[in-house]
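The values are calculated or read from the model by the stated rules, or taken from the named source; none is laboratory data. The model shown is predicted, which means the values in this text are computed figures rather than measured ones. With ideal geometry, Cβ positions are generated from the backbone for all residues, glycine too; neighbour counts draw on all protein chains shown. Each accessible area value is taken on the protein alone, full model and side chains, heavy atoms only, with ligands, DNA and RNA left out. Shrake-Rupley method; radii C 1.70, N 1.55, O 1.52, S 1.80 Å.
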Amino acid sequence: MGLLRSLPMLVSLIWLWFFFLPSVMAQSTSARALDALLQDYAYRAFVRPRTGIPYDGILPSNLTGIKIAAMRLRSGSLRTRGVKMYKEFHIPKGVTQQRPYVERLVLVYQNLGNWSNTYYRLSGYTHLAPVLGLLAYSASNLSATNLPELDIRASGDPISIIFPDMMPVPDGSVPKCVWFDLHGYPNFSNVISGNTCLTVQQGHFSIVVESIAPGPAPVALPPAPAGPRPSGKGKKSNSKVWIIVGSVVGGLALFALLAFLVLWVQKYKHRMKMQQMQKAADVGEALQMTPVGDTKAPAAMVTRTQPVLENEYVP
């Protein structure tokens, strides 16, 4: 009974694990894998690196459309001088590198171009500018791969990101700056001066607007009879119905599996019992052999019923 009571909860957890969580985590996982790959190719641009000079990286043909660069800096110089202009990023004074502290760091620049919507898709929003990334790594080993990001923060003025390739804003729309943290979660803020966003942390940045679905073409229809207006909850109701149906089907499948296991255990126990009885019969006491003519036959030691002649019953 306890298992049957917990069955609906178990089915819900199975459905959540196999259907919901993968769809939420897939985009973040692929973006993190891309960051690691771009860090590797950006570090390859360092042949004879000079401090404070950006070096453009070269990517394979399957990543055409993405641009990367790398620039090595001293942590102290980043804090006291900043970087006047690193691609689209203006880094002011006061940007500090948190623990673990490193003497030298590398700022990896990313411009995802036409891959922006692939790795940083926002449901209900449209990108007006490509996704730009700025990530900091340790410069102690310029041949290292899969490095963890350092934690850099602007303690004074914020970092500015200027988007020169921004598309025109649709009429009636309000553009928003979006910042994706290292886990892929979006955070929105206001656009400054038409195409500029501000941040105090590293990550990925873009400008988006809310998507406006095109209205259906007008069609001449006869006047509908008066009645209650549709609530607009049909799609939600359908989705709920499918969720319930999926849960019920999953529950029935799990229940059938449990019933099959119970039947198999019972048959196994019965088979083992029969084997034990067979074994006991095979090792039982053997009958003694008695000569009958030229052969021998088994004979019992005790006869349960003594033979009686028929004439003994006659009075």
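Give me the net charge for the shell around residue 210: Cβ to Cβ below 15 angstrom, other residues only, Lys and Arg +1, Asp and Glu -1. So the environment of residue 210 carries a net charge of +1.
Only protein heavy atoms count here; on that basis, with a 1.4 Å probe, residue 261 has an accessible area of about 80 Å². Protein heavy-atom accessible surface, 1.4 Å probe, per residue over the range 45-175: 53 Å². I need the calculated FRET efficiency for the pair residue 188 and residue 51, taking r as the beta carbon distance and R₀ as 35 Å, to the nearest 0.05. It comes out at approximately 0.50.
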